[in-house]
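The values are calculated or read from the model by the stated rules, or taken from the named source; none is laboratory data. None of the values given here were measured: they were computed from a predicted structure. Positions of Cβ are generated from backbone atoms using ideal geometry, with glycine treated the same way; all protein chains shown enter the neighbour counts. The protein model used for the area step is the full one, side chains on, heavy atoms only, and it has no ligands, DNA or RNA in it. Shrake-Rupley method; radii C 1.70, N 1.55, O 1.52, S 1.80 Å.
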Amino acid sequence: MNSQSLIHHPSSFIRTLTTIVSVSIAYPAIAPAAFTDRVRLAHGSEAGEITDTTPLAVTVNKGSIGSRTVAVNEIKQVQFEGEPSELSQARAHAGNGAYAKALQLLDKIDASGVQRDLIKQDIEFYKAFCAAKLALSGDGQILDAGRSLNSFVHEHPNNFHYLEAVEVMGDLLMADGRFESAEKQYAELAKAPWPDYKMRADVSVGRTLQAQNKHAEAIQKFDEALALADDSAVAQDQKLAATLGKAVSVAETGKVDEAVGTIEKVIRDADPQQKELQARAHVALGKCFEKAGKTKDALWAFLYVDIIYNTVPEVHAEALAHLIPLWKAVGQEERSRETREALQQRYPNSRWAKQQ
């Protein structure tokens, strides 16, 4: 995947779009919307015909009451009228981390029967997105997944999934050890006008620095995220992620007890349904306990991920890798062998399986 071939929006374009999404524009309408698409928001929803999309917003024609422009950071999900049922189901599976099942459903769609461009784009996005998520867990090739996402971004630069695609491309580059290129993708995410997206970018860059054992720099990046002012629920989620990331690096500097206290607070404060954050938090806790020589506590932390948060593939694979020696340490040789087999069967191409 060549990050140089990505489509980058100039700053002036971003500023223009920021102006567009900062207000809701109503136009007189003399006819009802042609479609009844649904845009599910954090609170409530919008229904009407989606007539335009940009990397930052979608415009919904609501018929006689006019149009509303909805910012991407407010959107939880978009469903199009007339979309194949397989797309609806695949979108739900992808949201729950069942990426392989989502791909199976998407592959069943007869593309010749889909007439609307926005639906075609959504199918293309979710195919690339799910393949990328699987590749991150070791089930699939990172290069192939990156090419698919890169193709989507290149062909549909105004799609509302643009920023999400850019972020996942950064994740793929990071997983491939191309840290500088990954940071460039996260910097693209930081151009969005919303503090929560800037936090996401800082958190992702922080994790990239951690992967390079640059923990002092990582702590600085997490602190930058925490310093951004935003009281929205989404921003609070990113603050928890930044707090967790900082704690991981603090532990690496030798302050394990301090890190454990912070991580345990993140686990308490975060919604149990925040699967990725909870999974990362329990893995971080397990690693702290390993450093402190608390074998049984470490085992339970990683086992919690294996049992409760096993739908987060890349984090689950890491938890399994840690469990293999821990089961041995407590005299459970058979459990250790079973865990190794599970890791190699479920995530055969992951770096964690390759280390065994």
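How many of the residues in region 290-312 are surrounded by fewer than 23 Cβ atoms within 10 Å (Cβ to Cβ) and under 21 Å from Ala132 (Cα atoms)?
So the count comes out to 3.
For region 186-196, what are the residues that are open to solvent by 30 Å² or more (accessible area, probe 1.4 Å) and not hydrophobic (A, V, I, L, M, F, W, C)?
Lys191, Pro193, Pro195 - these are the residues of region 186-196 that are open to solvent by 30 Å² or more (accessible area, probe 1.4 Å) and not hydrophobic (A, V, I, L, M, F, W, C).
Exactly one of (1) farther than 25 Å from Gly177 by Cβ; (2) surrounded by fewer than 21 Cβ atoms within 10 Å (Cβ to Cβ); (3) touching a residue at least 24 places away in the same chain (Cβ under 8 Å) is unmet by Glu334. Its number?
It fails just one condition, (3).
Residues in region 260-273: is at least one surrounded by 15 or more Cβ atoms within 10 Å (Cβ to Cβ) and in contact with a Cys (Cβ under 7 Å, 6 or more places away or on another chain)?
Checked against the condition, which is being surrounded by 15 or more Cβ atoms within 10 Å (Cβ to Cβ) and in contact with a Cys (Cβ under 7 Å, 6 or more places away or on another chain), region 260-273 yields at least one hit.
Tell me the helices (runs of 4 or more DSSP H) entirely within region 289-356 that contain at least 2 residues that are at pLDDT 90 or above and under 11 Å from Gly138 (Cβ atoms).
313-329, 333-346
Condition first: without any contact (Cβ under 8 Å) to a residue 40 or more places away in the chain and either open to solvent by less than 50 Å² (accessible area, probe 1.4 Å) or in contact with a Leu (Cβ under 6 Å, 6 or more places away or on another chain) (or both). Now tell me which residues in region 248-259 satisfy that.
Val248, Val250, Val256, Ala259
Among Lys214, Lys133, which is the only one that is within 24 Å of Trp352 (Cβ to Cβ) and in contact with a helix residue (DSSP H, G or I) (Cβ under 8 Å, 6 or more places away or on another chain)?
Lys133
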